[in-house]
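The values are calculated or read from the model by the stated rules, or taken from the named source; none is laboratory data. Note that the structure is a prediction, hence the values are computed from the model and not measured. Because the Cβ atoms are built from the backbone with ideal geometry, glycine has one as well, and the counts that use them run over all protein chains shown. All accessible areas refer to the heavy atoms of the entire protein, side chains included, with ligands and DNA or RNA removed. Shrake-Rupley method; radii C 1.70, N 1.55, O 1.52, S 1.80 Å.
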Amino acid sequence: MKFICLSLLLISGITDSRSEWFEVVGPAGPVFAVAGEDVILPCSVKPNISVVDMRLEWFRLDQKDSVVHLYDNNEDRNTDQIQSYRGRTKLIHQELQTGNASLKLSSVRVSDEGRYKCFIQSKSQSDDATVDVRVEAVGSRPVITVDGFDRSGGLHLQCESEGWYPEPDLEWLDSEGVSMSSETTETHRNMDRFSVKHTITAHHSNDKIHCRVKLRHHMLETLIITTNNMFISWRTSVILISVFVVLIVIAGILIALFAHKYRAQRQLREEKNRIQQEFSLERDQLLQSQKMIITQDVTRFRKHTAVKVILDADTAHRRLIVSDDGKQVRDGNTELNGEDGGKRFSEYRGVLGKDGFSSGSFYFEVQVKDQTKWYLGVARESCDRKSLIHLRPENGYWIVGQRGEKYWACDSSYVSLSLRVKLQRVGVFVDYEERLVSFYDVESMSHIYSYTGTPFNEKLYPFVCLGYVSNENSTPLIICEDY
């Protein structure tokens, strides 16, 4: 009898030990974060057992007294937390039941870059995983200035950009996209940010010269066209200097030359004003022409290729609320019931349209007024709806979006969009055969961004999204039909 009781106790201990066995899993590669934005540091256990009653500790491997976040005895205990992380870390407590111990880090700083340890301890076991965080700070759009001329009449161009981290690459490209060698290069570091300055000399008018600053997943570019006016200014300066020298030599001989000088200067001023007026007129006419073309395009899209989009609630993230008519979606910020069936988005707050398209062209419009965190466009039928991936063409997404005050596209890398006004309504045009996805600001009748050349290969569905992790803004995205 004693032997039987001992055996039962031994079997019970082995069962309890196996029931508590787990492995801590982190990301396969570095986690990239953008300064000023939020980032999720992934960490979970396998199998997906509850970690509510365990000790969870996040700390820096490269700092002394390095507690980033501590959870113990079923509550957060951050009295010994590093000062710079105060109020910026958060565990998603409702996810602890499923073994998800990922840490949300808000308002990322350059100083947050480093290696982090996710340590999880139960009563009988502990394990950990390492997360390598790489921070990127996107600087200012490059500014090109004319910095004088050389003796042969070449135009000195200077390109400068600041506020980057880590140090970016700056390159000049000619109108054919060929890299041009910089003549001088300057790099400065101010606190934790870099500024770069490069110069080249242009010798031809009507050249399109690009200054491009690149950093891993980000790129900003500025274009300058070396017009005849720029070189005329140089010739005018040479003429004025020559006239001035001649006048000094003969100033005491002929008073009449003073009148000649006055007339020459007046003519030069009038010529300069005339050239400036012509340039301004040509620029205004070009802008007006572009707006007229876009207005005609949008009118044609609305008339001939507009489709009725109804959102498919069966694909919506569980926190989204889709209206009964399928025309509006907003973040309810609470988990809703409903079957998954493998169709729902589980990371991004996304939803697809009910109908897909595999040929021809189609157009629809979405109202984004007063919403500050959104993405919209089209997605492949087989797109990944379960992972926190980049919403770019290679993953089956063609989108533009807004985060805070900034607008983005996500091509082969993030592209910052410089818009003159806040977007109220966005038009989406797709030409399946031409491999084209274009976005338009309907209110100002201006072009926002276009994706070209990527084969679609399968059905495309309208896609709208309210970000990921959370969206406290309850303003809905609305499918528009009032045109």
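Here are a few things to note about the model shown:
- Residues that are of a type in the set (Gly, Ala, Ser) and open to solvent by 10 Å² or more (accessible area, probe 1.4 Å) within the stretch 441-483 comprise SER444, SER446, SER450, GLY453, SER470, SER474, listed in sequence order.
- Subset of the stretch 459-474 [at pLDDT below 95 and either in a loop (DSSP other than H, G, I, E, B) or under 16 Å from THR299 (Cα atoms) (or both)]: VAL469, SER470, ASN471, GLU472, ASN473, SER474
- Across the stretch 345-382, the qualifying residues are those that are assigned to a loop (DSSP other than H, G, I, E, B) and surrounded by 20 or more Cβ atoms within 10 Å (Cβ to Cβ), and the one among them that is farthest from the chain's Cα centre (by Cα) is PHE345.
- Among the residues making up the stretch 103-117, those that are hydroxyl-bearing (Ser, Thr, Tyr) and either free of Cβ contacts under 8 Å to residues at least 40 places away in the same chain or surrounded by fewer than 20 Cβ atoms within 10 Å (Cβ to Cβ) (or both) are SER106, SER107, SER111.
- Taken over the stretch 63-92, residues that are closer than 15 Å to SER50 by Cα and either open to solvent by 80 Å² or more (accessible area, probe 1.4 Å) or assigned to a loop (DSSP other than H, G, I, E, B) (or both) amount to 4.
- Just one of the listed residues (SER413, SER438) is open to solvent by 10 Å² or more (accessible area, probe 1.4 Å), within 18 Å of the chain's Cα centre (by Cα) and among the small types (Gly, Ala, Ser), and it is SER413.
- Among residues of the stretch 417-443 that are farther than 19 Å from GLN296 by Cα and of a type in the set (A, V, I, L, M, F, W, C), those with a Cβ under 6 angstrom from a residue that is open to solvent by 10 Å² or more (accessible area, probe 1.4 Å) and part of a loop (DSSP other than H, G, I, E, B), sequence gap 6+ or separate chain, pair up as VAL421/SER444.
- Residues that are under 19 Å from ARG134 (Cα atoms) and either modelled with pLDDT under 95 or open to solvent by less than 40 Å² (accessible area, probe 1.4 Å) (or both), drawn from the stretch 38-58: VAL39, ILE40, LEU41, CYS43, TRP58
- Across the stretch 365-421, the number of residues qualifying as acidic (Asp, Glu) and closer than 17 Å to VAL138 by Cα comes to 2.
- Extreme residue, nearest to the chain's Cα centre (by Cα), among residues of the stretch 118-166 that are closer than 30 Å to VAL51 by Cα and crowded, with 17+ Cβ neighbours inside 10 Å: VAL135
- Number of positions in the stretch 126-163 that are aromatic (Phe, Trp, Tyr) and out of contact with any helix residue (DSSP H, G or I) (no Cβ under 9 Å at 6 or more places or on another chain): 0
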